[in-house]
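What follows is a set of notes on a single structure, which appears directly below.
The values are calculated or read from the model by the stated rules, or taken from the named source; none is laboratory data. Given the structure is predicted, the values throughout are model-derived calculations rather than measurements. We place every Cβ from the backbone using ideal geometry, glycine too, and count neighbours over all the protein chains shown.
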Amino acid sequence: MPENSPEKAPEPPLRPRPRIESLSDLIFGLALSVGSLALVSSLPTNEGALIQDIGTFAFTFLILISVWFDYTRIMSVMPINEQRTVTLNTVLLFTVSLEPFLFILLKSPSNSSPFFLFVSQVYAVDLGTMMAVLASFAGTLAVDLKIRLDPKVRASFRRESLLRFVSAGVFLLSVAPVFGTTVVTIGAFQEPLRIIMWFVPLAFAVSTRRRRAIGTDAETV
C-alpha cells in the first residue's frame, strides 16, 4: 500500500432539510381543485349567475396560479434551510390552504350582508399576506449577494418585490369598512368597491409576467 496515499476529505455532517417543495405543490393543487368544486356546490340557475360564478372563479384561479408561478420561480434559487424561509413558507402555505374555504364563503347570495363583508375582509387579509410573503422572498433575492444571480435576474426580483408589496398594500387597504359599503355598478352587476380593488394586484401580476416574457424573448434573439 503506498505510503503517501491521498486522504479523503471529511464529509460534511448531515443536517435535516425540509421537504417543502412537494408539500407546496400539493397544497397549491388542492387549493385550485377545491375552488373548482365550490362551483358545483351551488349550481347557477340563470345566465347572470353563471357569468358571475365563472368570473369569480377566474379571479381566484388567476391569483393562485400567479402566486404559484412566482413561488416556484423564487424557490428555484432561494435557500430553504434557513429558519426565516421555512417560517415564511409555512405562513404562505397556510394562506393558500385557507383561500378555498374563504372563496366558498364569498359565494354568499348577498354581497351586502354583514357576514359577506366580514368574510371579504378576511379574504383580503389572506391574499395580502400571500403577496407580502412573496414580496419578502423576492426582496431577499434582490439584496442578498450570497445568492449568486445574474444582475438582470436580481433586478427583476427587485421590481417584483416592489410590485408585490404594493399589491399587498392594496389588499390590506381594501379591508377598510368604507370599501365594503361603497357599491360600484357595472352593467347589471353591483359589487362593493373592495372587490373592484382586488383586480389591481391581478393586473400587476399579469403585467409583470408579460414584461418578464418579453425580456426572455429579447435575450434569446
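Odds and ends about this structure:
- Qualifying residue in region 172-183 (condition: touching a strand residue (DSSP E or B) at 6+ places or on another chain (Cβ under 8 Å), surrounded by fewer than 14 Cβ atoms within 10 Å (Cβ to Cβ) and part of a helix (DSSP H, G or I)): yes
- Scanning region 99-122 for any residue that is among the hydroxyl-bearing types (Ser, Thr, Tyr), within 30 Å of residue 79 (Cβ to Cβ) and at pLDDT 85 or above turns up nothing.
- Residue within region 150-162 that is closer than 19 Å to residue 75 by Cβ, in contact with a helix residue (DSSP H, G or I) (Cβ under 6 Å, 6 or more places away or on another chain) and not charged (D, E, K, R) present: yes
- Verdict on residue 35 being more than 30 Å from residue 144 (Cβ to Cβ), of a type in the set (Gly, Ala, Ser), over 18 Å from the mean Cα position of the chain (by Cα) and modelled with pLDDT of 70 or more: no
- Filtered residue count, region 60-84, keeping only those that are buried (at least 18 other Cβ atoms within 10 Å of the Cβ) and free of Cβ contacts under 8 Å to residues at least 40 places away in the same chain: 2
- Pairs with Cβ under 8 Å, 6+ apart, first in region 121-134 and free of Cβ contacts under 8 Å to residues at least 40 places away in the same chain, second surrounded by fewer than 24 Cβ atoms within 10 Å (Cβ to Cβ) and of a type in the set (Ser, Thr, Tyr): 126/95; 129/95
- Scanning region 155-180 for residues that are touching a Pro at 6+ places or on another chain (Cβ under 7 Å) and of a type in the set (Ser, Thr, Tyr) yields a single hit, 167.
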